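Worksheet for the structure shown next.
Every number in this text was worked out from the coordinates using simple rules, so none of it is lab data. Small disclaimer: the values here were computed from a predicted structure and weren't measured. Every residue, glycine among them, receives a Cβ derived from its backbone with ideal geometry; neighbour counts consider all protein chains shown.
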Amino acid sequence: MDNKEIIEFLKKIELFRGLTDDEYQMLMCCVEVKTYRAYQFLFRENGRRENIFIIYEGEVELFKSNPYGVEMKLTYFSKGDFLGEGSWDTETPHS
């Protein structure tokens, strides 16, 4: 995926709508395209917040462990959705 394709994708995401062309170019220095396998973790509960994840393809399920250690599915994300945006404004771990 080249920069032009990434920028066109970002323009469709509400979080990034309305940026200028220069701002999209500046944003590209922070973009890293990654592919994850099924059942691979993006982050873990109580882990350090470091990234925003934007789903280009596929689905991501979000789970939370209950006090007994049983994982409960909270929601899922699909193309165009984003998660981890708390990393922009807080030092608290993933909840």
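From the phi angles alone, apply the Karplus equation (6.51, -1.76, 1.60; θ = phi - 60°) to region 45-52 and give each ³J(HN,Hα) in whole Hz, x where the residue is Gly or Pro.
Each residue of region 45-52 in turn: 3, 6, x, 5, 7, 10, 9, 9 Hz.
Lysine pairs, Cα distance under 22 Å, 8 or more residues apart or cross-chain: how many in the chain?
Final tally of qualifying lysine pairs is 10.
Name the residues whose placed amide hydrogens come within less than 5 Å of the amide hydrogen of K79, ignoring near sequence neighbours (fewer than 5 apart) on the same chain.
For K79, the qualifying residues are G58.
Which is the longest part of the chain that has none of the GluC sites (Glu not before Pro) sitting in a DSSP loop with at most 10 other Cβ atoms within 10 Å?
Longest site-free region, per DSSP loop and neighbour criteria: 58-90.
Taking the chain as a Gaussian network, Cα atoms linked when under 10 Å apart, which of V70, V33, V60 shows the biggest mean-square fluctuation?
Greatest mean-square fluctuation among the candidates belongs to V70.
Quick one: check the C-alpha center-to-center distance for region 8-22 versus region 36-79, whole angstrom.
With region 8-22 and region 36-79 each reduced to a Cα centre, they are spaced 24 Å.
Name the longest site-free stretch of the chain, where the excluded sites are trypsin sites (Lys or Arg not before Pro) in a DSSP loop with no more than 13 other beta-carbon atoms within 10 Å.
49-78
For the modelled label position 7 Å from the Cα of K12 along Cα-to-Cβ, which residues of region 32-57 have backbone nitrogen atoms closer than 19 Å?
It comes to 32-36, 53-57, nothing else.
According to the Kirkwood expression over distinct Cα-Cα pairs, how big is the hydrodynamic radius of the chain, in Å?
Result for the chain, one decimal place: 14.9 Å.
For the chain, the longest stretch holding no chymotrypsin sites (Phe, Trp or Tyr not before Pro) located in a DSSP loop with at most 12 other Cβ atoms within 10 Å is which?
So the longest stretch without any such site is 1-35.
Normalised by the number of residues in the chain, what is the relative contact order in percent for Cα pairs under 8 Å and 6+ residues apart?
Dividing the mean separation by the residue count of the chain yields 29 percent.
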